[in-house]
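Reading through the structure tokens given below for one structure.
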Amino acid sequence: MKASFQIIFIVLFIAAAIFGVLVFSNIISLGEDPEAPAGTVVLWGTIPAEVIGPLISDFNLANRDFTVQYVQKSAATFNNDLLEALASGKGPDLYFLPDNLAFHYSNKLVVIPYQSYPLVSFKNTFAGAGEVFLTKEGMLAFPMMIDPLMMYYNRSLLDSNGVVYPPKTWDDFPAFVSALTKRDTTNKILNSAVALGHYSNVNHAKDILAALFLQTGNPIVKEQDGTLHSSLVADSERSPLSSAVQFYTDFANPAKSVYSWNKSFPNSVNAFSAEEVALYFGFASELEALVNKNPNQNLGVAPLPQLTGTANKVTYGRVTGIAISSFSKNFNTAFTAANLMASTDFAAQLSSALGVAPARRDLLAQKPSDAFSPIFYASALYAKSWLDPLSSGTNDIFRTMIDSVLSNSKTPTQAVQDAGAKLELLLFK
């Protein structure tokens, strides 16, 4: 009996010694989660490396269990580069996803189910524009930044013509155009109040029209029974969308009192910087470029005008999120990194560096003290976006819609119906 006990004791002692060696050598770990994030994940984007690099370095220092490696890609070739990389199985684990590519990449990224990230948590955390990344199944990306469409104006031109404030509603434009647009005796426009009406020489024409549509309550694209459909429908010339198209094109119609723009003008951003037009509709991210283009310009910025009598404000906003590639071989770390980037001060620092607003509600409540950011933040809070199926395709659709009205080949209602039918086909491709 005594011998048996000694044999058992020796065996247990040897086993314990071996186990201790394995633990000490990290062959066996104690108390560690096998799913804990570790290793390196690669993040692709078009943000300049010199801007985001220091932020990534600080992020990695604060999260030593894993590493995020950023790779800058050209904006011109990002889509093709990413598609080729994913097809070859060598793509990134994460990528910055602009809203106009969300539909295009929806089958190439991890859709985070609402069981993992509840819908109520999403809506409590992120501003409404971020909901462009929501589907019936779950979330396509963590919203990071919102770049709202704004109204820039030339203070000196307004002051010289006795105009105290830029327009707050679209109904204010007839009086504003009358005060600011200067014509000669042949009705030739010498100086313009606003660049609207045409498509080819109006910067962000599609986005301006999208904002007008969204302000009417039309989402442009809607999900029904798990399928996306066009919501561009107009049944009469008095329908909200028809009225929006009519309103827009009137600014290029010489027979209308608001006539203030034609094809003889350069692109609207150049005309604004040359002080040939009083207003310019551009994004928050353009502020620095506008200042650099004409440092002597007395520049002001205001929210996008709204529809008269509506309680809820709406502007269009470009949204960027962080998506997880479905080809990632380190999903747990990729998910952790994306979530942390979107839910920590990394998001605030990045949006500030890029001159845009953060997507998180709590960060939007902390408005910076400079002259312009509070206006950008306020607009970002009520900005909306839409699920654009193919940017180049919808650009052609919106261009045709406007050009067909200007050429009198279609009424605004017919133009909207045609655009809706083409958008429906694009959604099914």
Computed over the range 41-94, the relative contact order (Cα-Cα under 8 Å, seq sep at least six) in percent reads 51
Most exposed first by the Cβ proxy, i.e. fewest other Cβ within 10 Å, how do 315, 46, 227 rank? 227, 46, 315
Put one equal scatterer on each alpha carbon of the range 323-429, apply the Debye formula with no solvent term, and list log10 I(q)/I(0) at q = 0.11, 0.14, 0.18, 0.23 1/Å to two decimals. -0.64, -0.84, -0.92, -1.08
Where both residues lie in the chain, what percent of DSSP beta bridges are antiparallel, nearest 5? 70
Signed unit charges on C-beta, dipole axis of the chain, positive-most listed residue 247, 124, 398: 247
What three numbers, in Å, describe the spread of the alpha carbons of the range 160-213 along their principal axes, ordered from the longest? 33, 26, 16
If you stretched the chain out fully between residue 288 and residue 308, how much longer would it get, using 0.36 nm times the residue separation minus the C-alpha to C-alpha distance? 4.1 nm
In debye to the nearest 20, the charge dipole size for the chain, taken about the Cα centre with +1 at each Lys and Arg Cβ and -1 at each Asp and Glu Cβ, equals 260
Take the alpha-carbon centre of the range 67-102, take the same for the range 174-221, and report the distance between them in whole Å. 35
Considering the options 69, 227, 264, tell which one lies farthest towards the positive end of the dipole of the chain, charges being +1 on Lys and Arg and -1 on Asp and Glu at the Cβ, about the Cα centre. 264
Any residue on another chain or 5+ positions along whose placed amide H is under 5 Å from the amide H of residue 306 is listed here as 169, 170
For the range 295-429, calculate the relative contact order in percent as a whole number, restricting contacts to Cα pairs under 8 Å that are 6 or more residues apart. 22
Orientation-averaged projected area, Cα convex hull of the range 74-198 (nm²): 12.8
Neighbour count of at most 11 Cβ within 10 Å plus DSSP loop: longest GluC sites (Glu not before Pro)-free window in the chain: 36-429
Figure the gain on full extension for residue 124 and residue 391 (residue separation times 0.36 nm, minus the Cα-Cα span) and round it to one decimal in nm. 93.2 nm
What is the ratio of the Cα radius of gyration of the chain to 2.2 N^0.38 Å, where N is its residue count, to two decimals? 1.23
Reachable lysines from residue 256, criterion Cα separation under 20 angstrom, eight or more residues apart if same chain: 182, 188, 410
If I model a spin label as a point 7 Å beyond the Cα along the Cα-Cβ vector, how far apart are those points for residue 409 and residue 79 in nm? 2.4
Value at 222 nm in deg cm²/dmol, rounded to 500, when DSSP H runs of n ≥ 4 in the chain each add -39,500 (n - 2.57): -12000 deg cm²/dmol
The range 124-135 - phi-based ³J(HN,Hα) in whole Hz, Karplus 6.51/-1.76/1.60, Gly and Pro as x: 6, 8, 10, 5, x, 4, x, 5, 4, 8, 9, 10
So how far apart, in nm, are the two label points at residue 225 and residue 365 if each is 7 Å from Cα heading toward Cβ? 4.2
Residues of type aspartates and glutamates that residue 123 reaches as a straight line, Cα spacing below 20 Å, ignoring anything fewer than 8 places off in the same chain: 99, 131, 137, 147, 223, 345, 362
Name the long-range amide H neighbours of residue 95: under 5 Å, sequence gap of 5 or more, or other chain; modelled H, no Pro or chain starts. 44, 323, 325
With +1 at each Lys and Arg Cβ and -1 at each Asp and Glu Cβ, the charge dipole magnitude of the range 372-428 around its Cα centre, to the nearest 20 debye, comes out at 120
Quote the charge dipole size of the range 213-324 about the Cα centre in Debye, to the nearest 20; the model charges only the Cβ of Lys and Arg (+1) and of Asp and Glu (-1). 80
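FYI, it's all coordinate maths here, none of it is from the lab. Here the structure is a predicted model, which means the values were calculated and not measured. All Cβ positions, glycine included, derive from the backbone under ideal geometry; neighbour counts span all protein chains shown.
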